[in-house]
Amino acid sequence: MKTYRGARTALIVGAGVAGLTTGIALARSGWRVEIAEISPAAATSGWGLCLTGPSLRALDELGLADRCLAAGYGMSGITHVDVDGVAVDEVQLPRLIGAGRPAMVGIARPELHRILHTEAERSGVVLSRGLTVTAMVQGDLVGVEMSDGSARQADLVVGADGIRSAVRGLLGFEAPIDYHGQMVWRALVPRPVWATGVHQFAGKVNTAGLVPISDSRAYVFLTENGVAPNVLPDAELAPRLQQLLEVFPGRVEEFRSLVSASESVVRRPVQTVFLNGAWNNGNCVVIGDAAHAPAPQMASGAALAVEDGLVLAQELGRHESVDAGLEAFVGRRAPRCRTLVQTSVTIADLEQAQRHHEAYPLVDACHRRMAEPV
């Protein structure tokens with residue numbers, strides 16, 4: 001068992017939300033951190049996301065919540081609208097960073113990544129782009145072979161490389177990627193003046209919604225049910241999304257007409273992963289979507305990722321050995337993450353069965369459970 005002696009080194013694979021947050025938290029705890037990211041440039045997928053209360057609570061501990069609030073759009077509620085265009089339910093989310101601050105924030109993905117990248121660099125994290133891990137050998141230090149032929153030795157290797165994690169495979173962990181019969185569409189549009197919170201619209205087949213991400217912008221989402229995870233040509237995306245939105249009454253018509261002018265429309269499959277059993281092997285661990293990727297219905301994938309980084313640094317600081325710290329981290333995180341993933345899948349199933357009124361209380365209850373201490 002290796003105990004800490006002098007400077008500790010960490011190699012993190014993946015510069016997404018989980019990887020960057022982990023890098024920041026570890027660097028502030030005295031670790032020397034390198035993040036290897038296969039993408040050669042700072043590219044992000046999708047238009048925006050919600051940082052729910054648990055995200056903001058963890059980011060506040062890192063001193064980053066106010067930067068995210070300033071870059072995004074603060075909100076406190078989710079309005080559910082039925083198939084006739086009538087608001088039938090409103091979830092008021094817990095305010096976890098104080099009564100005078102929002103319960104959640106909608107934010108553009110590039111803005112969130114800019115904030116995290118800037119803070120990681122300020123904290124001394126080295127970001128190596130166009131690079132990933134190809135092999136690992138466990139010992140007192142983890143020997144790592146990189147995709148450019150170079151080598152590293154580290155006290156800790158963290159796989160934060162997403163739902164199709166290469167690190168997960170190198171550690172010998174098997175976790176099926178489950179497709180749930182849904183494709184999620186997103187498009188950036190001007191924010192309507194009435195959109196001061198998240199609005200979700202139940203349809204007779206699909207579900208649509210609107211999420212503000214700044215004073216001037218929002219993103220439209222549509223969850224398309226009962227479809228194969230196929231790829232459509234880019235030129236077909238905007239017209240097809242407008243067509244899918246045509247059947248919704250009321251306020252959806254207002255933002256449907258804006259989709260054609262959107263800078264980009266994205267369409268992604270709803271997939272989940274949960275790694276049962278250990279997430280760690282020796283001095284290596286997988287976190288974020290590599291260990292627990294939820295469906296987007298709870299808007300809390302980023303919350304789990306940010307919490308992972310903070311909790312991992314905390315547990316490594318509390319234990320004398322890396323492997324003991326990793327065991328404690330997994331024990332602390334697995335039940336919470338399992339609950340969120342399972343709940344998100346249940347809600348996805350209820351949406352497809354058009355049992356929206358059963359989903360609303362589950363959304364409320366899960367947000368309140370996620371509000372409990374990490």
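The values are calculated or read from the model by the stated rules, or taken from the named source; none is laboratory data. It should be emphasised that the depicted structure is a prediction, and the values quoted were computed from it without experimental measurement. Quick reminder, even Gly has a Cβ in these numbers, built from the backbone with ideal geometry, and neighbours come from all protein chains shown.
Please work out which residue is nearest to Thr22 (Cα to Cα), limiting yourself to region 108-126 and to residues that are surrounded by 21 or more Cβ atoms within 10 Å (Cβ to Cβ) and in contact with a strand residue (DSSP E or B) (Cβ under 6 Å, 6 or more places away or on another chain).
The qualifying residue nearest to Thr22 (Cα to Cα) is Val125.
Tell me, which residue of region 255-272 that is within 21 Å of the chain's Cα centre (by Cα) and surrounded by fewer than 21 Cβ atoms within 10 Å (Cβ to Cβ) is farthest from Arg168 (Cα to Cα)?
So in region 255-272, the residues within 21 Å of the chain's Cα centre (by Cα) come out as 264-272.
Narrowing further to those that are surrounded by fewer than 21 Cβ atoms within 10 Å (Cβ to Cβ): 264, 266, 268-269, 271.
Details: Ser264: 32, Val266: 27, Arg268: 22, Pro269: 21, Gln271: 17 Å.
Ranking the qualifying residues of region 255-272, first place goes to Ser264.
Got a sec? Which of Val133, Val167, Val126 is of a type in the set (A, V, I, L, M, F, W, C) and closer than 24 Å to Leu64 by Cα?
Val126
Considering only residues that are within 19 Å of Asp84 (Cα to Cα) and among the basic types (Lys, Arg), which ones fall in region 201-254?
Passing the criteria: Lys204, Arg251.
Which count do you get for residues in region 80-101 that are closer than 24 Å to Glu119 by Cβ and within 19 Å of the chain's Cα centre (by Cα)?
Residues flagged as closer than 24 Å to Glu119 by Cβ and within 19 Å of the chain's Cα centre (by Cα) within region 80-101 amount to 1.
Of the residues that sit in region 220-260 and are in contact with a Phe, Trp or Tyr (Cβ under 7 Å, 6 or more places away or on another chain) and outside any loop (DSSP other than H, G, I, E, B), which one is farthest from His180 (Cα to Cα)?
Val252
If Pro54 satisfies every condition in (1) modelled with pLDDT of 95 or more; (2) closer than 21 Å to Ala295 by Cβ; (3) in a loop (DSSP other than H, G, I, E, B) but one, which is the exception?
Unmet condition: (3).
In this structure, does Glu320 turn out to be surrounded by fewer than 23 Cβ atoms within 10 Å (Cβ to Cβ) and at pLDDT below 95?
Spelling it out, Glu320 is indeed surrounded by fewer than 23 Cβ atoms within 10 Å (Cβ to Cβ) and at pLDDT below 95.
Mind listing just one residue for me: the one in region 180-207 that is in a loop (DSSP other than H, G, I, E, B) and β-branched (Val, Ile, Thr) and, of those, surrounded by the fewest Cβ atoms within 10 Å (Cβ to Cβ)? Write out each step before concluding.
Of the residues in region 180-207, the ones in a loop (DSSP other than H, G, I, E, B) are 191-197, 203-206.
Restricting the remaining residues to those that are β-branched (Val, Ile, Thr) gives 193, 196, 205.
Values: Val193: 6, Thr196: 15, Val205: 12.
If we take residues in region 180-207 being in a loop (DSSP other than H, G, I, E, B) and β-branched (Val, Ile, Thr), then Val193 is surrounded by the fewest Cβ atoms within 10 Å (Cβ to Cβ).
Collect the residues in region 129-165 that are closer than 30 Å to Gly106 by Cα and in contact with a Gly (Cβ under 8 Å, 6 or more places away or on another chain), keeping them in residue-number order. Please lay out each step first, then the result.
We begin by selecting, within region 129-165, every residue closer than 30 Å to Gly106 by Cα; these are 129-130, 158-165.
Val158, Gly159, Ala160, Asp161, Gly162, Ser165, listed by residue number.
Just name the residue that is farthest from the chain's Cα centre (by Cα) out of those in region 130-169 that are basic (Lys, Arg) and either farther than 30 Å from Tyr179 by Cα or buried (at least 16 other Cβ atoms within 10 Å of the Cβ) (or both).
Step by step, filter region 130-169, then rank; the result is Arg152.
Considering only region 10-41, state which residues are basic (Lys, Arg) and closer than 13 Å to Leu156 by Cα.
Arg32
Among the listed residues Leu210, Leu222, Leu244, identify the single one that is under 21 Å from Gln297 (Cα atoms), surrounded by fewer than 21 Cβ atoms within 10 Å (Cβ to Cβ) and either at pLDDT 95 or above or assigned by TED's automatic domain parsing to the domain that holds Gln354 (or both). I'd like the intermediate steps shown before the answer.
Values: Leu210 fails: surrounded by fewer than 21 Cβ atoms within 10 Å (Cβ to Cβ); Leu222 fails: surrounded by fewer than 21 Cβ atoms within 10 Å (Cβ to Cβ).
Unique residue meeting the criteria: Leu244.
Restricting attention to region 24-79, which residues are at positive phi and within 17 Å of the chain's Cα centre (by Cα)? I'd like the intermediate steps shown before the answer.
So the first thing to find is which residues in region 24-79 are at positive phi, and the list is 30, 46, 63.
Result: Gly46, single match.
In region 287-297, what residues are in contact (Cβ under 8 Å) with a residue 60 or more places away in the chain and surrounded by 24 or more Cβ atoms within 10 Å (Cβ to Cβ)?
Ile287, Gly288, Asp289, Ala290, Ala291, Ala293, Ala295, Gln297
From Gly85, Gly74, Gly63, which residue is more than 25 Å from Arg122 (Cβ to Cβ), of a type in the set (Gly, Ala, Ser) and either assigned to a loop (DSSP other than H, G, I, E, B) or modelled with pLDDT of 95 or more (or both)?
On the way: Gly74 fails: more than 25 Å from Arg122 (Cβ to Cβ); Gly63 fails: more than 25 Å from Arg122 (Cβ to Cβ).
Going through Gly85, Gly74, Gly63 in turn, the sole match is Gly85.
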